[in-house]
Amino acid sequence: MKVLVTGGVRSGKSHHAETLVQGEAAVTYVAPGPDESEDPDPDWALRLAAHRERRPASWTTVETADVATAIADSAGPVLVDCLGTWLTRTIDLRGLWEAPVDEVTDVVRGEIARLVAALERPQPIVLVTNEVGLGVVPAHRSGRLFRDLLGEANRQVAAACDEVHLVIAGRVLVL
């Protein structure tokens, strides 16, 4: 079973995703966002700590931007949290925020294709993402670029999943 969990910030996406794999003995938790050394923001550090504290000791955490390889290397269930931080880190690591849109799009599309191919594995995979297309048009180029590319990633990953769950205010709607 492949499930994409989407919704707004602080909607309960991560908690819901964790419940989907809760009964599994050994889960690989893929954290693609930056760690504290890459992003020394104290608020980000608090978020990371809260997520780490919630995870069962039996889960293995893999902190990497290479989500496709982390999925391919895992023998059991996988939880990826989240595609928004994966996209940000993918662009950050390549220094592409100011690159021409076509160049950024080509790189990200290649990474999306790798991710979608990894989802063909037989084990359960739950992916968390942000729903960014419901708000206003971002004022800055980086915000528009992020919104557009994450929207594209979400569509392609959703097409490769068996289910998509929309989480709003802690409530889950299976689409």
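The values are calculated or read from the model by the stated rules, or taken from the named source; none is laboratory data. Computed from a prediction, not measured in an experiment: that's the story for all the values here. A quick note on method: Cβ atoms are made from the backbone with ideal geometry, for glycine too, and the neighbour counts reach across all protein chains shown. Remember, those area values only see protein heavy atoms, side chains included, never the ligands or the DNA or RNA. Shrake-Rupley method; radii C 1.70, N 1.55, O 1.52, S 1.80 Å.
Summary of computed values
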{"quantity": "Amide N of the stretch 115-135 lying under 16 Å from the label point, which is placed 7 angstrom from the Cα of Ala159 along Cα→Cβ", "calculated": "115-120"}
{"quantity": "Qualifying GluC sites (Glu not before Pro) for the stretch 51-132 [loop in DSSP, other Cβ within 10 Å: at most 12]", "calculated": "Glu98, Glu120"}
{"quantity": "Cleavage-rule hits (trypsin sites (Lys or Arg not before Pro)) in the stretch 45-80: DSSP loop, at most 12 neighbouring Cβ within 10 angstrom", "calculated": "none"}
{"quantity": "Å² per residue, accessible surface of the chain at 1.4 Å", "calculated": "51"}
{"quantity": "Distance (nanometres) between label positions extended 7 Å along Cα→Cβ at Leu175 and Glu103", "calculated": "3.2"}
{"quantity": "Answer label, with percent of Cα pairs over 28 Å apart calculated from the coordinates and candidates (i) 28; (ii) 17; (iii) 36", "calculated": "(ii)"}
{"quantity": "Estimated inter-spin distance, Arg52 and Glu120, nm [label 7 Å along Cα→Cβ]", "calculated": "3.6"}
{"quantity": "Orientation-averaged projected area, Cα convex hull of the stretch 68-170 (nm²)", "calculated": "7.1"}
{"quantity": "Length gained when the stretch Ala113-Arg94 is fully extended (0.36 nm per residue, less Cα-Cα span)", "calculated": "5.1 nm"}
{"quantity": "Beta bridges by DSSP in the chain, antiparallel share as percent, to the nearest 5", "calculated": "15"}
